[in-house]
């Protein structure tokens, strides 16, 4: 009655819960799975702070009901991380001061991770185009674009 | 936050979906990409009692072509259309329009069926599908019917869909020798079109216009379809023709939208400017 | 190893980069009740009755509070209008829930439920009977005698009338070669940090203790506000500021919801949590800007300004305990910014309306002063046909005039404006770009160069408030030689804690890695005033420096005793204290610390026990007792910057592209260049947003039409170009670090710079731009109107 069973895999681990149908995927990730790295900024699908990978594609988890994740594979920022150790993307962000308040950062990292995994050559302008679904209010994007350019250059993919 | 509790269904077949829809009437809403519906529910703008998730319904996905048409399933996602070789080959402006919708994340989930049925005046597909003379296959529990895109959009967020009907495929007739282009004017990246123009033109061997169709989006409460062939057939293409296309389109905008972003006068003028630019791009 | 001046990566990064940083919304103690506010549908209405019957039937709802439940809790005001009484300021008491709504969205009831869905559902079922009153929406209409009043007990809607006069403006106007009369209009917009407000009030009924987790910028003042409002001893309240997802001044307390959550927790004797939705942030999260300046400027044929008259109408909305209404005052007291204009008459009228109250948004009124002066300079240049940079060079306050008193309230301590502007022009490659502009024009393209000089007063110091320039640090060195620094300043992520660590490392003489910095916990940290107005480095950094030096001298004494040398001969480097000239003859911090803690009666007998210091720093140049002329000094630091940009406008659609953006900033001594540049990038991006796309639009009935990021866009990665940063250091004469603060640099000058560029691109079409935002449709309209004239 207004509830559904959700069985889903997040960062390789299975989570099962009976939830209110109104629960959004971002709330399932945060409140049921306890993974608070995914942030909620707007609930209208505009800011991208809630971006996660679902079945290999980036999605804004505030635009999905938790129950829609049944049978899916989800990756959050915690799934890209190992405790407080920094992976190459995180380390590049750290060195280039690409994170200030950190609220947009998890969504940004998921998006960057996805873009790099496609191995598509991009110019700085194309990077800006691809990141335009993730809003940041602190950095002005300058150091984020710089970080992604550096990461692409390392792979010989910077146009 | 969604404040009203609702029941949720995930039918596996179209028949199941249609039956549920018939049972609950206008208290039910279809959930496809959810990129419009879920935000609207979060904002409290809609509060359906029943949600029918059609993402798992068999037979609504896939892009295929026949000898005469390109057929796209209702729940095909924007990113699939944007990157499809088939679509690009047959009707490039559709692929172009899809690549402009929202941002990358929106394109991973949003569907062509959802966008068409939501009928936001600024949706990118609408003018494109009208110019392309697309036909929508629509079904309910009893029958299926075909509705032309040019007759489908009645008003902002209002279509020719009757209660209990689901759009199942979008069918686009193949045309040889046409070129097409889509121009979108947005003020903010990922935002809705303040105005947009879809143009299809066919030239004869002497570079004279044989056919010219223009679709305008975002300017009036529904897409505006203009068959400019009568006024332009036989004309040789040149700069002055492009400017006349602009003037012709502008003059035919009757009831432009005024809102916070722009007033009607601006949108009316932009309809013409974008139509001209799309026309010029068609000519290469 | 020197740390100050180095680009040290943020020590607070690893948790936020790995998704482990905890923000207020991530905290949910056991038995938490979720709050959802019922908000006024009307801009101005008396709440006649509220029916909660239907709402209470929702499963999981525990209680619904209304204004009646809060009538004994007027919110304590951290900044009282009392000092402004001579200027007409009146009191307005604010309660956590309103019985008379003064802006759309004002909270009128509060649902507490076991789940947030139940709370939201119940809130939607609460029935309110309103007596709708006429809404006051335009500040100039609001000043008319027949206007409805926002506050019944006031005689009008005029809140403050503040004059600022200097010299003899009428005489100056009488000898002018030219007079320009015009106006500028800066729209209402605001910050919209990506993290919405969130508060968790964890009330422990056994000890009567409240732990309040808040997305805030001022944990200690918030504690005081809660104590006074709730009638609880301050020692029974702990405020914790976890990671904050951006503040920009808008999380300075106190909001109605903030106080309501704390009171609800104490009433329910359990934990209460509230997380704002984005629509609530737009409606009630504090607004900013919204000023109209009507001006006259008199100048000579050489372009030197002789005098200026300005009338400022500021729409402050309704009133809150938040300090937003101070912004137009700050605009007023800093005119005429960096220009030597010694004859002026300025009058500020702050008007209340039925709109969301203002809160302090980055820039805090200085951007409006900058916009006015920079538009004036461009107008003068245009009128006389001289170069816009030349006009500024002619009018800048020259180096020899410093310290320069520019108004009754403001003394500019130091500045090298001409040098900074020249540096910026070189970095921008001004001559090259002017040529590029001319070439582009030949090809029918509309390229414009923009220029703006920004004065960014920092170190705000307002008497009788929590907005002052003092702060504190508590440094503890443990027996094993590790350093813990507890600071009264806070950092919403821009790395102030890293700057503090760098200052401590350098001045205490220890390794950066041996330092941990703690902030945001009122039980642990000394009473400080959080972050705003660049104060983290100005006050917090200064306190850290002085405390470090004191401890270092103490450790040197002990080292000297251990090394049988005199303290003057001890050198310090990276945790190693040694005799000058004999680097092998030394001791580590750990050695010294163990000596102090374990051998206080022999090795360390000449120093006091313990290795800990609490130090408060007060900016020496604030002056709140008026001098013989009645003058004061309310801002204590004056960073400044030159902006240059190039844009290209598509005149057919009004769309524009920013081709190049350069800023040269003088924030005094730079502690960490990466932090400074990051602040400038972010500030400029916000300024660009305000110039081009952000606008809080109210209907004639006082409904807020822009409540999502769809209607109120903020810049995306496609909207902000690469930003080139240069530095100039004119150290502050008053802070021991030489730093001037950089928190608001960039945002103050960016709108003026962008407008200058767009106008330059369209100049030959006869376009003049005196307002923002410049949406493409607006630019198009300006072009059309100019063409029709």
Practice task
Kindly list, by first and then second residue, each pair from a residue in region B:263-277 that is more than 8 Å from every other protein chain (Cβ to nearest Cβ) to a residue that is assigned to a helix (DSSP H, G or I) and surrounded by 24 or more Cβ atoms within 10 Å (Cβ to Cβ), limited to pairs with Cβ atoms under 8 Å and residues at least 6 apart or on different chains.
Solution key: B:271/B:249; B:272/B:245; B:272/B:249; B:275/B:245; B:275/B:249; B:276/B:245; B:276/B:249
Handout entry: Single residue of C:129, C:170 found to be at pLDDT 95 or above and either within 30 Å of the chain's Cα centre (by Cα) or in a strand (DSSP E or B) (or both)
Key = C:129
Problem - residue C:673 being within 14 Å of chain A (Cβ to nearest Cβ), within 22 Å of the chain's Cα centre (by Cα) and free of Cβ contacts under 8 Å to residues at least 40 places away in the same chain - result: no
Fill in the blank from the handout: The correct count of residues that are in a helix (DSSP H, G or I) and within 11 Å of chain C (Cβ to nearest Cβ) in region A:68-90 is 6
Problem - In region B:155-185, residue nearest to the other protein chains (Cβ to nearest Cβ) [restricted to those that are more than 29 Å from residue B:139 (Cβ to Cβ) and in contact (Cβ under 8 Å) with a residue 40 or more places away in the chain] - result: B:185
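Matching residues to (1) surrounded by 24 or more Cβ atoms within 10 Å (Cβ to Cβ); (2) touching a residue at least 40 places away in the same chain (Cβ under 8 Å); (3) over 24 Å from residue C:69 (Cβ atoms):
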site	(1), (2), (3)
C:121	yes, yes, no
C:131	no, yes, no
C:134	no, yes, yes
C:183	no, yes, yes
C:187	no, yes, yes
C:198	yes, yes, no
C:211	no, no, no
Handout entry: So residue A:152, is it within 8 Å of chain C (Cβ to nearest Cβ) and at pLDDT 95 or above
Key = no
Fill in the blank from the handout: Of all strands (runs of 3 or more DSSP E) fully inside region C:250-358, the set with 2 or more residues that are under 30 Å from residue C:411 (Cβ atoms) and under 17 Å from the mean Cα position of the chain (by Cα) is C:288-299
Problem - Residues that are more than 14 Å from every other protein chain (Cβ to nearest Cβ), within 21 Å of the chain's Cα centre (by Cα) and more than 30 Å from residue C:227 (Cβ to Cβ), drawn from region C:492-549 - result: none
Practice task
Give the residues of region A:91-112 that are within 22 Å of residue C:195 (Cβ to Cβ) and assigned to a helix (DSSP H, G or I), sorted by residue number.
Solution key: A:93, A:94, A:105, A:106, A:107, A:108, A:109, A:110, A:111, A:112
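Condition check ((1) more than 14 Å from chain B (Cβ to nearest Cβ); (2) under 21 Å from residue C:538 (Cα atoms)) across all residues:
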{"residue": "C:600", "(1), (2)": "yes, no"}
{"residue": "C:613", "(1), (2)": "yes, yes"}
{"residue": "C:622", "(1), (2)": "yes, yes"}
{"residue": "C:625", "(1), (2)": "yes, no"}
{"residue": "C:630", "(1), (2)": "yes, no"}
{"residue": "C:638", "(1), (2)": "yes, yes"}
{"residue": "C:642", "(1), (2)": "yes, no"}
{"residue": "C:646", "(1), (2)": "yes, no"}
{"residue": "C:650", "(1), (2)": "no, no"}
Handout entry: Checking residue C:657 against (1) more than 22 Å from residue C:784 (Cα to Cα); (2) surrounded by fewer than 16 Cβ atoms within 10 Å (Cβ to Cβ), the condition it does not meet
Key = (1)
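Mind checking which residues of region C:143-167 are under 26 Å from residue C:344 (Cα atoms) and part of a loop (DSSP other than H, G, I, E, B)?
Within region C:143-167, C:143, C:167 meet the criteria.
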Practice task
At least 2 residues that are free of Cβ contacts under 8 Å to residues at least 60 places away in the same chain and more than 25 Å from residue C:609 (Cβ to Cβ) in each: list the strands (runs of 3 or more DSSP E) lying fully within region C:490-598 that qualify.
Solution key: C:582-588
Handout entry: Residue tally, condition free of Cβ contacts under 8 Å to residues at least 12 places away in the same chain and more than 9 Å from chain C (Cβ to nearest Cβ), over region A:91-128
Key = 2
Practice task
Please specify each residue of region C:723-752 satisfying the condition of being under 20 Å from the mean Cα position of the chain (by Cα) and not in a loop (DSSP other than H, G, I, E, B).
Solution key: C:739, C:750, C:751, C:752
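The values are calculated or read from the model by the stated rules, or taken from the named source; none is laboratory data. Note that the structure is predicted; figures quoted are calculated from it, not measured. Please note: Cβ atoms are built from the backbone with ideal geometry, for glycine as well, and neighbour counts cover all protein chains shown.
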